[in-house]
Amino acid sequence: MLIRNASIDDLDAIAFVEEQCFSPAETAPAEAFEERLKIYPDHFWLMFDADKLIACVDGFVTDEPDLTDEMYERADMHNENGKWQMIFGVTTLSEYRNKGYAGQLIKRAIEDAKKQGRSGLVLTCKDKLVDFYSKFGFVNEGHTEKSKHGGITWNQMRLTF
């Protein structure tokens, strides 16, 4: 399996994996990914099985300590010198799940954020995924009022270095 950062050429594959992994209310449109890829392609971690994209982790960097719904819509909020690596999505095609691939990408994002001198990483997740992210050192800060993305109640989780 190959892990690498993204380019604009990966747009269609990223949008496809996103559509396969989230409900329509949660799925970011291809236009959002296009904007993100233009601004922060190095903050996408992609995993390939040969030439097939099977998993993706993405998010931008900011000095804002909490993940908000506005961040999903405004790629221009990215600050390459920011303290916090936000994680907007962790996606894996269904036939590749439960094999540790998403975990490998999360570990790579954590490693890169450390090397870049960030304060840590922040993500939101549903209740059923709190234990999964805890395995990587993320601490659950409870349900957040700052993100209601897709009409869902999210837990904010933080990994501080």
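The values are calculated or read from the model by the stated rules, or taken from the named source; none is laboratory data. Predicted, not measured: the structure shown is a model, and the values here were computed from it. Please note: Cβ atoms are built from the backbone with ideal geometry, for glycine as well, and neighbour counts cover all protein chains shown.
Being out of contact with any helix residue (DSSP H, G or I) (no Cβ under 9 Å at 6 or more places or on another chain), more than 27 Å from Met1 (Cβ to Cβ), modelled with pLDDT of 90 or more and basic (Lys, Arg) narrows it down to one residue among Lys115, Lys107, Lys83; which is it? Explain how you work it out, then say what you get.
Working: Lys115 fails: more than 27 Å from Met1 (Cβ to Cβ); Lys107 fails: more than 27 Å from Met1 (Cβ to Cβ).
None of the others qualify; the one that does is Lys83.
Would you mind finding the one in Met1, Met71, Met86, Met47 that is more than 28 Å from Gly142 (Cα to Cα) and surrounded by 17 or more Cβ atoms within 10 Å (Cβ to Cβ)?
Met47
Hey, can you tell me all the residues within region 46-92 that are aromatic (Phe, Trp, Tyr) and touching a Ser or Thr at 6+ places or on another chain (Cβ under 6 Å)?
Here is the first cut: in region 46-92, the ones aromatic (Phe, Trp, Tyr) are 48, 60, 72, 84, 88.
Matches in region 46-92: Trp84 only.
With respect to the numbered conditions (1) farther than 15 Å from Phe88 by Cβ; (2) at pLDDT below 95; (3) of a type in the set (Val, Ile, Thr), which one is the sole condition not fulfilled by Val139?
(2)
Any residue in region 52-60 that is of a type in the set (Lys, Arg), exposed (fewer than 13 other Cβ atoms within 10 Å of the Cβ), more than 14 Å from the chain's Cα centre (by Cα) and under 22 Å from Glu34 (Cβ atoms)? Break it down stepwise before answering.
Step one: list which residues in region 52-60 are of a type in the set (Lys, Arg), which gives 52.
Next, from what is left, pick out any that are exposed (fewer than 13 other Cβ atoms within 10 Å of the Cβ): 52.
Retained after the next criterion (residues that are more than 14 Å from the chain's Cα centre (by Cα)): 52.
This time we only want the ones that are under 22 Å from Glu34 (Cβ atoms), so: 52.
Within region 52-60, one or more residues are of a type in the set (Lys, Arg), exposed (fewer than 13 other Cβ atoms within 10 Å of the Cβ), more than 14 Å from the chain's Cα centre (by Cα) and under 22 Å from Glu34 (Cβ atoms).
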